Every structure is written in structure tokens, then in C-alpha cells.
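Report on the structure given below.
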Amino acid sequence: MTLILNTYDWVPDFPRGFVRDIRVRWLLEELGRPYRIETVPLREKSADHVAQQPFAQVPFIRDGGLTLFESGAILLHLAEGTALMPPAQRPQVQQWLIAALNSVEPFVMAWIVPKFFDKDEAGAAKREPLMRQRLEQVQAALGDKTWLMGDSFTVADLLMADILRIPAQNGFLDDLHALAAYAERATDRPAFRKALADQMAHWRAADARRGAA
Ligand SMILES: N[C@@H](CCC(=O)N[C@@H](CS)C(=O)NCC(=O)O)C(=O)O
């Protein structure tokens with residue numbers, strides 16, 4: 001049965017390319033697993049949406065009889081038993097995936113919220129040092145390895161690299177050369193480029209539908 005990935009029916013320009021279905025699309029492309037997109041409205045949150053994602057967010061998937069929300073849980077589920085979660089390194093891959101979600105992304109979000117949502121430059125500036133510290137710590141842990149696990153690209157790299165995209169775009173990796181190169185290596189992968197192109201095409205199609213309505 002084809003896997004169904006749920007995202008929004010439309011979003012404004014600002015989050016395009018960053019809506020978290022990108023992580024799932026990216027992994028599905030890496031795995032060569034076919035999937036179909038379904039949508040929920042961004043604005044009117046239905047009971048059916050909440051039944052599948054209790055926080056009325058995206059992404060969530062339906063995989064056979066299983067409905068799953070939380071991008072990290074979805075990635076762990078889909079990567080299980082694949083080359084992106086090598087059995088010998090499973091605990092460490094899970095550790096780094098959770099570190100990305102729990103020890104890096106919150107610090108990035110703590111900067112993004114004042115910077116882009118609240119337009120509070122002083123608030124963002126206050127959050128910057130802690131985010132920078134986390135980025136430096138990831139770079140130090142990466143050392144001179146190609147990927148977090150060494151030579152193999154895993155689902156932990158996929159998620160970490162996705163989380164690094166906003167800091168990278170905003171210049172925070174400019175003086176973290178090894179981390180910048182790591183993020184570029186990851187997002188240069190054909191699977192990421194396809195996932196990004198497909199997400200952007202999804203929003204363009206949504207614009208066209210709204211224009212036609
Ligand atoms: N921890 C959740 C976060 C999901 C999340 O923040 N989704 C955003 C889109 S990227 C969303 O739905 N935002 C709209 C809202 O919260 O109403 C995950 O990783 O899946």
C-alpha cells in the first residue's frame with residue numbers, strides 16, 4: 001500500500017522549503033519509497049486532523065494501518081531496517097537523531113521565533129549565543145568525519161542537516177567551515193534536491209488552485 005504523507009494544503013512564502021514534511025520526503029527519496037501527498041488545511045483545523053496529529057500540525061503519515069506523527073518518530077520508523085539505520089550503529093544513530101531534535105533544534109527555534117515570527121531583533125540577539133554554542137558543539141563532535149557515524153550517511157545526518165539549513169542560510173555557519181561543508185554535503189544529495197523541488201512544486205500548485213478558485 002502506498003505510504004501517505006500529510007502536509008498543508010498551502011502555506012505563505014516564508015516557510016516554503018522548510019515545512020517539516022521535507023524531512024520525510026527527503027528520507028523517502030533516499031529510500032526510493034513511493035509515496036503520495038495528502039493535505040490538511042493550514043487554517044481550519046479539523047477534528048480528523050487532530051485525531052491524526054494531536055497538536056494539529058504536520059507532518060504525519062499513514063503507512064498501511066499505522067498513523068504516525070512527529071517528524072523524528074516518522075524518520076525512525078521509516079529508516080528502520082534500511083541502510084540509513086545500520087544495525088551495528090542503531091543506538092548511536094538514534095542518539096544523534098534525538099540530539100538533533102532535542103539538543104539542537106530547540107535552540108534554533110528559540111532564535112527563529114523572535115527573529116522571524118515576533119520580529120524582535122533584541123530577543124533574537126539574546127538567543128543567538130546559545131544557538132551558536134550548540135552549532136559549535138555539533139561541529140566539534142563531527143570532528144573530521146564525513147558524517148556523524150563516520151563514512152555512512154544515516155537518518156541522523158538527514159535530520160541534523162535539515163535543522164542546520166536555517167542557521168546556514170542566515171550566516172551562522174560562515175565561520176564553522178567543517179559544519180558548513182557537512183550541511184552542504186548533505187543538502188547536495190539528489191534525494192534532498194528532489195524533495196525540495198517537490199515541496200516547492202506542491203506550494204506552486206496550491207497557489208494555482210487558489211488563483212483558479
Ligand atoms: N515536533 C513536530 C513539529 C511539527 C511542526 O512544528 N509543524 C509545523 C510545520 S513545519 C506546523 O504544523 N506548524 C503550524 C502549527 O503549529 O499550527 C515535528 O517535528 O513533527
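The values are calculated or read from the model by the stated rules, or taken from the named source; none is laboratory data. Since this is a predicted model, take the numbers as computed values, not measurements. For neighbour counting, all protein chains shown are included, and Cβ atoms are generated from backbone atoms with ideal geometry for every residue, glycine included. Side chains are part of the model used for accessible areas, which takes the heavy atoms of the whole protein and leaves out ligands, DNA and RNA. Shrake-Rupley method; radii C 1.70, N 1.55, O 1.52, S 1.80 Å.
Taken as entire DSSP H runs, the helices of the chain that both span 24 Å or more between Cα atoms along their own long axis and average -1.0 or more on the Kyte-Doolittle scale are 121-142, 190-212. Taking a straight line from the alpha carbon of LYS145, these lysines sit under 28 Å away, with near neighbours fewer than eight places off in the same chain left out: LYS194. Largest first and in whole Å, the equivalent-ellipsoid semi-axes of the range 87-189 read 25, 14, 11, each the square root of five times a Cα gyration tensor eigenvalue. Note on ALA205 and ALA88: with the Förster distance fixed at 45 Å, the Cβ-Cβ geometry gives a FRET efficiency of about 0.60.
Less than 14 Å Cβ to Cβ from LEU130, Lys/Arg counted +1 and Asp/Glu -1: what total charge do the surrounding residues give?
+2
About its Cα centre, the dipole of the range 87-189 is roughly 220 debye, where the only charges are +1 on Lys and Arg Cβ and -1 on Asp and Glu Cβ.
Carbon and sulfur atoms: what percent of the 1.4 Å accessible area of the chain do they account for? Carbon plus sulfur share of accessible area: 54 percent. Heavy atoms of the protein chains alone define the surface here; on that basis the range 87-189 has 49 Å² accessible area per residue at 1.4 Å probe size.
Taking a sphere under 14 Å around the Cβ of ALA195 and counting the other residues whose Cβ falls inside, with K and R at +1 and D and E at -1, yields a net charge of +3. Here the contact order of the chain, divided by its residue count and restricted to Cα pairs under 8 Å and six or more residues apart, works out to 24 percent. Classify the chain as rounded, prolate or oblate, taking a ≥ b ≥ c as the square roots of the eigenvalues of its Cα gyration tensor: rounded when a/c is under 1.5, otherwise prolate if a/b is larger than b/c and oblate if not. Note, shape of the chain comes out oblate.
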